[in-house]
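J.: Sharing a structure here in structure tokens format.
The values are calculated or read from the model by the stated rules, or taken from the named source; none is laboratory data. On a predicted model such as this, the values are computed, not experimentally measured, just so you know. Please note that ligands, DNA and RNA were not included when accessible areas were found on the heavy atoms of the full protein model with its side chains. Shrake-Rupley method; radii C 1.70, N 1.55, O 1.52, S 1.80 Å.
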Amino acid sequence: MTAPRKGITRQEAVRRVLQGIADDHQGYAALLALLEEQFHATLRHQNAQLAALADQVIAAVESLDARRRQRVSLVTALLGPEGDMPKLFALLPEDARATAQRDWTALEQMVLECKRLNARNSELLTEQYSIMQRVLHGEEDTYAPG
């Protein structure tokens, strides 16, 4: 195990990584709720609500990404460029390792669910936009020569 950044002990670096995972659980739970709100606001064509939710989603994602970057930095400082979460977890005592692995797996599932909901919302918005364009401007080939 390599030494972490100056001014931080290995134990503190590991603690920060594990705390970041716990914080991400809360962050992704909030993001899941925002994505559900976004979906329902899209269904109801609530443009003002959608704009507010977009700002909240962006802020949530930026916070999650900052923690991800910190986690990568800490793991790299601890284990080198080939370091990853399973290698970090292998360094933990048995009970802490099991908890960390369970929390990491749950977090990965939350990430996948957020990606799924984001894709769903994007498809709905795209379809609504497409329908609105056809309503406002007609079909492209409505008057095309036969």
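J.: Which ³J(HN,Hα) values, rounded to whole Hz and listed in residue order, are derived for segment 76-93 from phi using the Karplus coefficients 6.51, -1.76 and 1.60 in 6.51 cos²θ - 1.76 cosθ + 1.60 with θ = phi - 60°, glycine and proline given as x?
T.: Using θ = phi - 60°, the values come out as 5, 5, 6, 10, x, x, 8, x, 8, 5, x, 5, 5, 4, 5, 7, 7, x Hz.
J.: Right, another one. Which shape class applies to segment 1-124: rounded if a/c is under 1.5, otherwise prolate when a/b exceeds b/c and oblate if not, where a ≥ b ≥ c are the square roots of the Cα gyration tensor eigenvalues?
T.: prolate
J.: Let me ask you something else. Suppose the chain between D84 and E127 were pulled fully straight at 0.36 nm per residue; how much longer would it get relative to their current alpha carbon spacing?
T.: 11.6 nm
J.: Name the shape class, rounded, prolate or oblate, that the alpha-carbon gyration tensor gives for segment 65-106, where a ≥ b ≥ c are the square roots of its eigenvalues, rounded holds for a/c under 1.5, and otherwise prolate holds if a/b is larger than b/c and oblate otherwise.
T.: Oblate is the answer for segment 65-106, as a/c is 1.5 or above yet b/c matches or exceeds a/b.
J.: Percent relative contact order of the chain, based on C-alpha pairs within less than 8 angstrom and at least six residues apart?
T.: Relative contact order comes out at 34 percent.
J.: May I ask you to rank L88, L34 by accessible area, largest first, using a 1.4 Å probe over the protein chains only? Don't skip to the answer; put the middle values down first.
T.: On the way: L88 0, L34 20 Å².
Ranked list, largest accessible area first: L34, L88.
J.: Here's another thing I want to ask about it. On a 0 to 90° scale, report how tilted helix 94-137 is relative to the longest principal axis of the chain, with both axes built from alpha carbons and the result rounded to the nearest 10.
T.: Approximately 10 degrees, to the nearest ten.
J.: Report the residue, chosen from S122, S130, S73, that carries the largest GNM mean-square fluctuation when the chain is represented by alpha-carbon nodes joined by springs under 10 Å.
T.: With Cα springs under 10 Å in the chain, the top fluctuation among S122, S130, S73 is at S130.
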